[in-house]
1. Restricting the search to the stretch 132-163, which residues are in a loop (DSSP other than H, G, I, E, B) and surrounded by 17 or more Cβ atoms within 10 Å (Cβ to Cβ)?
2. Under 7 Å between Cβ atoms, at least 6 apart or on separate chains: pull out the pairs that start in the stretch 147-165 with a residue that is under 23 Å from P429 (Cα atoms) and end on any residue that is in a helix (DSSP H, G or I) and at pLDDT below 55.
3. Name the pairs: first residue in the stretch 375-394 and at positive phi, second residue buried (at least 24 other Cβ atoms within 10 Å of the Cβ) and assigned to a helix (DSSP H, G or I), Cβ to Cβ under 6 Å, at least 6 apart or on different chains?
4. Please go through the stretch 251-275 and pick out each residue that is surrounded by fewer than 17 Cβ atoms within 10 Å (Cβ to Cβ) and of a type outside the set (D, E).
5. Can you find, within the stretch 365-390, the residue that is modelled with the lowest pLDDT among those that are assigned to a helix (DSSP H, G or I) and either hydroxyl-bearing (S, T, Y) or farther than 21 Å from A427 by Cα (or both)?
6. Those residues that are touching a helix residue (DSSP H, G or I) at 6+ places or on another chain (Cβ under 7 Å) and either acidic (D, E) or part of a helix (DSSP H, G or I) (or both), I need them from the stretch 107-131; list them, please.
7. Which one is surrounded by the most Cβ atoms within 10 Å (Cβ to Cβ), of the residues in the stretch 71-101 that are in a loop (DSSP other than H, G, I, E, B) and modelled with pLDDT under 85?
Amino acid sequence: MKGGTRHPLDSPGSTAGPCGFAVSVDRDAAQITLRGRPTGAGGGARLTPAPGVELVFDRAEGWLSCVIVEADEHGGAVELGEGAVAFITSVFGAGTAGVVREAPSGEVRCLALRARPGTIGVLSRLARLDAARVTSPVPGSPLWAAEASDLARQADLPGLGEARRASVIIPDGLGSTIPADVLTQFPAVGGPGPFAEPEPFAGAGPGHGRRLLDGWLDLGLVPDRVFRPGLWPGSDLGVKAYREGAPLIAVEAVVLADVAPEALADCRARLVDACARRVLATGPFRVGAPLRAGAALRARAELPAPPGLRALVGSGAAWVEVVGDERRPVQGTRLRRMRLALRWADAALRAESRPNGLAPEFSDEQWTCLAGLAWDRCRANWAAADDPSRAALAAVRGTALRGALGGAPRSGASLGGLLGDAAVRRARPFFAELVCGPAVTG
């Protein structure tokens, strides 16, 4: 889409009033925007179901938040394209399409959208499938495309189904992605929390290291289909300090089995100072041989530890990131917190769905425990990003899940009603994450 409307989130303070969707026209960008209820703590999932039309759905609850329609300019007039008109007519009716076409006149201020029964739910599921695939540990599974094609068929949008089938990539095989040592960090209910806090920075003797820095894999900073994310941000990267002469920081990331060497060639691990927005150290990745048959393929980078690192770690100003271009500017702290909040929300939503193919050893209680903790981390990052509205929404969802954990709900049990109107609806898992091959134990 054109113009400045492609923001990851809408403003929580914006409302459309009782009519449902506020209508605005951006003549410079030639866009018409219908803005309804803003997205929540999980952000939005975007879908382009027809040329010139983009839909934004709330990732956690699935409601339609925004419709962005590209228009054409003819003699100074803003007009909708034929494809956009056809889609709006098919989904919302000819009357709604006519009203949207009249929006550039300035007389249309708000609009109540009433979709063809069942269509919005299917499109919402399809949008959230696209969002989940990006951060899934099994992004290459053909089951993503299979489920997407089935949803397109249910929505009765043949053009959408054809466009999606054209982008299908069939990998050589599938596999679970949860190392065995990670599973030991998720004890049954009643034991310690799902995973330990990072250890404080400390010197390490030769040949061994300790966790010292916060680091996570922002997939928006790296090339597509290179790195394999974990189930939560803390499992994306391994970051340790050790000594072999001079102090070093080692960064490890899991790469996809079919990654081409040239795709990894420009990727760098960086140690950055958030406050000064500067790079303190950088290093290229090297891929080593698997430790044993069937083990995950890991890439490793080594960075020199700069003077004064203890103080930076203590203040929370230093973090480790991975970029596809070492010239990329360092993100500001607030933007990083926003993106990290979204990543934790993504992990929480995946855990809520209980995708047993990714970790068959997890019990329902362990999945729920991980989801509740992830919402807590999401809340903390929204609060640090100065977004109290979304922090509160994340807190409500996390509290509801902890209540469900206390009640030890069975698989498929409803989480709704735990906090009155603050119902939590657990989405069913996506096929690609429900059905996986033998577990990878490395």
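The values are calculated or read from the model by the stated rules, or taken from the named source; none is laboratory data. Note that the structure is predicted; figures quoted are calculated from it, not measured. Please note: Cβ atoms are built from the backbone with ideal geometry, for glycine as well, and neighbour counts cover all protein chains shown.
1. Step one: filter the stretch 132-163 for residues in a loop (DSSP other than H, G, I, E, B), giving 136-141, 155-157.
If the condition is that a residue be in a loop (DSSP other than H, G, I, E, B) and surrounded by 17 or more Cβ atoms within 10 Å (Cβ to Cβ), then S136, P137, V138, P139, G140, S141, A155, L157 are the ones that fit.
2. That search, which allows pairs on different chains as well, returns A148/R164; S149/G161; S149/R164; S149/R165; A152/G161; A152/R164; R153/G161.
3. The qualifying pairs do not exist here.
4. A257, A260, P261, A265, C275
5. So in the stretch 365-390, the residues assigned to a helix (DSSP H, G or I) come out as 365-384, 388-390.
Now restrict to residues that are either hydroxyl-bearing (S, T, Y) or farther than 21 Å from A427 by Cα (or both): 368, 380-384, 388-389.
Working: T368: 90, A380: 96, N381: 96, W382: 97, A383: 97, A384: 95, P388: 96, S389: 95.
Among those that are assigned to a helix (DSSP H, G or I) and either hydroxyl-bearing (S, T, Y) or farther than 21 Å from A427 by Cα (or both), it is T368.
6. T119, V122, R125, L126, L129
7. Pass one, the stretch 71-101, residues in a loop (DSSP other than H, G, I, E, B): 75-76, 81, 93.
In the following step, the residues that additionally are modelled with pLDDT under 85 were identified as 75-76, 81.
Values: G75: 5, G76: 6, G81: 17.
If we take residues in the stretch 71-101 being in a loop (DSSP other than H, G, I, E, B) and modelled with pLDDT under 85, then G81 is surrounded by the most Cβ atoms within 10 Å (Cβ to Cβ).
Each row is one residue, and each column tells you yes or no for (1) surrounded by 20 or more Cβ atoms within 10 Å (Cβ to Cβ); (2) touching a residue at least 40 places away in the same chain (Cβ under 8 Å).
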{"site": "R277", "(1), (2)": "no, yes"}
{"site": "G288", "(1), (2)": "no, no"}
{"site": "P306", "(1), (2)": "no, no"}
{"site": "W319", "(1), (2)": "yes, yes"}
{"site": "P329", "(1), (2)": "no, yes"}
